[in-house]
1. Would a scan of the stretch B:296-307 turn up a residue that is of a type in the set (Asp, Glu), modelled with pLDDT of 95 or more and out of contact with any Gly (no Cβ under 9 Å at 6 or more places or on another chain)?
2. For the stretch B:24-39, indicate whether the set of residues that are assigned to a loop (DSSP other than H, G, I, E, B) and closer than 19 Å to B:Asp317 by Cα is non-empty.
3. Just to be sure before I move on: is A:Ala10 closer than 23 Å to B:Thr76 by Cα, among the aliphatic types (A, V, I, L, M) and at pLDDT below 95 in the structure I sent?
4. Working only within the stretch A:28-41, note down all residues that are under 15 Å from A:Met73 (Cβ atoms) and more than 14 Å from chain B (Cβ to nearest Cβ).
5. Does B:Gly328 fit the bill of being within 14 Å of B:Arg22 (Cα to Cα) and at pLDDT 95 or above?
6. Any chance you could count how many residues in the stretch A:42-56 are outside any helix (DSSP H, G or I), more than 7 Å from every other protein chain (Cβ to nearest Cβ) and either of a type in the set (Lys, Arg) or crowded, with 20+ Cβ neighbours inside 10 Å (or both)?
7. Can you give me the number of residues within the stretch B:78-92 that are assigned to a loop (DSSP other than H, G, I, E, B) and loosely packed, with under 12 Cβ neighbours inside 10 Å?
8. What's the total number of residues in the stretch B:76-124 that are of a type in the set (D, E, K, R) and either in contact with a Leu (Cβ under 7 Å, 6 or more places away or on another chain) or within 14 Å of another protein chain (Cβ to nearest Cβ) (or both)?
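The values are calculated or read from the model by the stated rules, or taken from the named source; none is laboratory data. Model, not experiment: these values are computed from the prediction. Glycine also receives a Cβ, built like all others from the backbone with ideal geometry; neighbour counts cover every protein chain displayed.
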Amino acid sequence: MSVEVVLPGALADLAGGARHLAVDLPGATLGDLLDELAVRHPLLDRRLRDETGTLRRFVNVYVDGEDVRYEGMLAAAVRDGAVVQVLPSVAGG
Amino acid sequence: MTDLLAIGTRKGLWLARSDDRRTWSIDGPHLLAQEIAAVSVDTRRPVPRVLAGVQFGHWGPTVTWSDDLGGSWHETDHGAIRFPEDTGAALARVWQLRPDSAGRPGVVWAGCEPHSLWRSADGGCSFQLVRGLWDHPHRREWQPGAGGGAVHTVLPDPSSDRVVVAMSTGGVYASDDGETGWTPRSRGISAVFLPDPEPEYGQCVHKVAVDAGDPDRMYAQNHFGVYRTDDGGRSWSPIAEGLPADFGFPVVSSPRTPGTAWVTPLVADMQRVPPKGRLRVHRTRDGGRTWTESAAGLPDDAWTSVLRDAMCVDEGDPTGVYVGTRDGCVYASADEGETFTLVAEHLPDVLALRAARL
């Protein structure tokens, strides 16, 4: 199946300059998607997850508009045709 | 000959250059909006390499480097520093990047949060966790200070394989081979926040510097107390008499003149400002027996502070001394701290300074 990943501008350079990525997904969860992205764009993955595989604290991910924190985090289901949006949270100074 | 001063701040990196160490041109910001808590300039290479420990804010920490003085930056695909899977740990911040000596080209050390020491053999592109320290039975007792629990000081001995590290908290540890046999070397240093005021380990040692004349002689700025050891850390003695306060963060030593070191005192942990609001550097030329205040060129009404790595020296003759403040000012002395000139102002909080002669 195929999903669309939407990145913030700050991360586009790590994905070849594209903010919208079409990803053929062998699995069905956000974790599967990030694993697939990591193969293609390892630096991008490093920005989204630490080396334990945990989503970074200030990285928000929405699958079809739903915050994955309430959908099982990396176990969140990703359907065929889903839009997966990555957004930086409100943080910093 | 050009002197380069790398200025790591909470919101980017600046590079200052000077031909006389009195007037400086500033290049930057590089890595804008990223926290640069560690920086080094590795001059052992055919071209100097600037290494930076970067905290990308939302996007986590990493090590990046430039071989063209900031023209371009590079990082290892999966991260130069990655905790092995079995540790279950994740890198939180790079606190120290320390190129080893000329006799060990390519070797770079990193001190990180959580408390960990790392060694690179490829100039900082990839690091391996020093397991001997990570697996130390004391590690579970090393508590984080206000800034986090980290190895913040790494001191490889150029004349042997010994490596000394310092941690907040945890204290000073040494290994004869830089890998195994880490033993606490903090006896005599106080820990006012623990039930035992002079424990074997657990102290909040803020910074350690090695004397130019003897690798066994070191100076420590502690969380209350300034100390000297003459036996490689097996015993420490207080040397704060003559200073206006014994609290502070950095201590630096001359790389060429034995007995010479500098500190920047702050009032206390609950009052982290210079005494009377006057930013001053204090210098000893006799191993801490006496101290002389340096005021020329440093500000009054400076209710700021100097963080542990925001002070450094260079390899010039006489030794240059550099101080950066949390209110974004950087001062340079070309005469071993007699007089200071302003290098930059209105930068973000200065976190790390490192000087190199190109």
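1. no
2. So far as the stretch B:24-39 goes, yes, one or more of its residues are assigned to a loop (DSSP other than H, G, I, E, B) and closer than 19 Å to B:Asp317 by Cα.
3. Criteria met by A:Ala10.
4. Correct list: A:Ala28, A:Thr29, A:Leu30, A:Gly31, A:Asp32, A:Leu33.
5. no
6. Number of matching residues: 1.
7. Within the stretch B:78-92, residues that are assigned to a loop (DSSP other than H, G, I, E, B) and loosely packed, with under 12 Cβ neighbours inside 10 Å number 1.
8. So the count comes out to 6.
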